[in-house]
2 protein chains.
Amino acid sequence: MKLSEAKAQFISSWGAFGTHWGINRTMAQIHALLLISPDPITQDDIMEQLNISRGNVNMNTRDLVDWGLVDRVLIPGERKEFFSAEKDIWKVATQIIKERKKRELDPMLKLLGQLEKIDGDKKEKNVKQFVDTVSGIRKFGNQADKMLDVMIRADESWFLGSLLKFFK
Amino acid sequence: MKLSEAKAQFISSWGAFGTHWGINRTMAQIHALLLISPDPITQDDIMEQLNISRGNVNMNTRDLVDWGLVDRVLIPGERKEFFSAEKDIWKVATQIIKERKKRELDPMLKLLGQLEKIDGDKKEKNVKQFVDTVSGIRKFGNQADKMLDVMIRADESWFLGSLLKFFK
DNA sequence: TTGAATTTTCAAAATTTATTGAAAATATAT
DNA sequence: ATATATTTTCAATAAATTTTGAAAATTCAA
C-alpha cells in the first residue's frame with residue numbers, strides 16, 4: 001500500500017470513528033490529517049487535502065483548538081496561520097477525557113444529585129425504583145469521575161506517572 | 001420536586017447524554033424509562049409516556065435488545081410483549097463497553113495494523129510521521145483493549161471481581 | 001491611511017439521520 | 001379456519017446537523 005492510499009484510509013476511518021464518539025466527522029478528519037502531518041499546515045492546505053470549504057475548516061479548527069487538541073502556530077515571516085496537532089496519543093486521550101468529563105459527566109452528576117431528593121414515599125415501588133436507579137448511576141458515575149481524575153493527573157504526578165507509564 | 005417532574009428530567013437528560021456517546025436520543029430515552037420502571041412495560045406504555053410512534057419504539061427497543069441492555073419478557077396470560085432493562089448499572093456499563101469494543105475498537109485496531117505496513121522510505125519525514133502516528137495509536141488502543149477485557153471479565157472472575165468491586 | 005491578504009461569520013443549501021404511520025406479516029384465541 | 005390482536009417493516013416525511021460561499025471583519029505591510 002502506498003502512503004497516499006494509506007493516508008486517505010486513515011483519515012476516512014478516523015472520521016467515521018469520531019462520529020461514534022460525539023465528535024463530528026470533519027473535525028475528526030482534520031485532526032487525523034494534522035496527526036500525520038510532520039509540519040504545521042494552513043487552512044488552505046486542509047481545504048485542498050480534504051476538499052472542504054474555507055468556512056468549514058475555520059469552524060472545525062476552532063473547535064479542535066477549544067478541545068485543546070490543536071495549536072495555532074505562528075511561523076516567522078509567514079502571513080498565514082498554521083495549525084499543528086499534539087502527537088503524543090496519551091496526551092490526546094487525557095485531553096479528550098478531561099474535556100468530556102467537564103462537558104458531560106460533571107453536569108450529569110450534578111443533576112442526578114438533585115433528582116435523588118424527590119418528595120414521596122420511599123416505600124412506593126415507583127419512587128423506590130427511581131431513587132435506586134438514580135443513586136446507582138450517581139455512585140457509579142462518581143467512581144468513574146475519581147478514576148478519570150487519577151488518569152488525568154497521572155502525567156503531572158511522578159508516582160502515578162510511572163505507575164501508569166505501563167499503559168503508554 | 002415531584003416524581004413525575006424528576007422522571008421527565010431524568011429521561012430527557014439521559015437522552016441528551018446518550019447522543020454524546022454514539023447512542024441515539026430516543027433509544028437512550030427508552031432505556032431511561034425502562035431503568036426507572038419497577039415492572040416490565042409494553043410498546044404502548046412507551047409510546048404513551050414518550051409520545052413517539054409505534055415504529056420508532058419498535059426499532060429502538062430492538063436495538064436495545066441487540067445491545068444486550070433490554071430483555072423481552074413474556075408475562076403469562078398476557079398477549080402483549082413486555083420489556084425490562086438490566087438495572088445493575090455495573091452490568092449496564094460492562095455490556096456497553098463490550099459492545100462498543102466489538103463494534104468500534106476492534107475493527108479500528110485491525111485497520112491500523114494494516115496501515116502500518118506501508119511501502120516507502122521510513123526516513124522520509126511524511127512516511128515516518130504516518131507510521132509513528134499509526135503505531136502510536138495502535139499501541140495505545142491495544143492497551144486499552146486489554147484493560148477493557150479485564151474490566152469486562154471482572155464480573156466473571158472471582159479474583160478480579162473482588163479487586164474491581166472497589167469501583168462498584 | 002490605504003489596500004491586499006487572511007480569517008471569521010452566518011444565512012441558505014445540502015446532506016444525513018430520525019420519525020411517522022399505514023400496510024404487511026405474524027401470532028394467538030375461539 | 002377465521003377473526004382479532006400485536007408486531008414489524010419501510011417508503012415518505014420531518015427534523016437535525018453539517019457544509020458552503022460570499023460578505024464582513026480583521027490583520028498587517030508599505
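Data overview
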read-out	value
Between helix B:125-154 and chain B: long-axis angle, C-alpha atoms, 0 to 90°, nearest 10	40 degrees
Per-copy distances of the residue B:76 label point, shortest first, in nm (7 angstrom along Cα→Cβ)	8.6
Compactness relative to 2.2 N^0.38 Å, alpha carbon Rg of the stretch B:3-85	1.03
Label geometry 7 Å along the beta-carbon vector: residue B:144 inter-copy distances in nm	1.5
For residues of A:95-104, the mean tally of beta carbons on other chains within 10 Å	1
On Cα atoms only, tilt of B:89-100 relative to the major axis of chain B in degrees	50 degrees
Point-charge dipole on Cβ atoms (K/R +1, D/E -1) for chain B, about Cα centre, debye to 20	560 debye
Relative contact order, percent, the stretch A:14-112 [alpha-carbon distance under 8 Å, six or more residues apart]	23 percent
Of A:2/B:98; A:98/B:146; B:2/B:87; A:128/B:146, pairs whose Cα-Cα distance is over 26 Å	A:2/B:98; A:128/B:146
Computed label-point distance, nm, for sites residue B:96 and residue A:121 using a 7 Å Cα→Cβ extension	3.4 nm
Extension gain (nm, one decimal) between residue A:152 and residue A:19, 0.36 nm per residue minus Cα-Cα	45.5 nm
Principal axis box of chain A, alpha-carbon based, largest edge first, Å	70, 40, 36
Simple Cβ-charge dipole of the protein assembly as shown, Lys/Arg +1 and Asp/Glu -1, about Cα centre, in debye nearest 20	500 debye
Under 14 Å from the Cα of residue A:123 - aspartates and glutamates, other chains or at least 8 residues apart	A:132
Ellipsoid semi-axes in whole angstrom, largest first, where each is sqrt(5λ) of the Cα gyration tensor of the protein assembly as shown	41, 22, 20
The stretch B:1-71: chymotrypsin sites (Phe, Trp or Tyr not before Pro) in DSSP loop, at most 15 other beta carbons within 10 Å	B:21
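Read-outs throughout are calculated quantities, based only on the coordinates presented, and are distinct from any laboratory measurement. Because the structure is predicted, anything quoted here is derived from the model rather than measured. Here the Cβ is made from the backbone with ideal geometry for all residues, glycine too, and neighbour counts use every protein chain on show.
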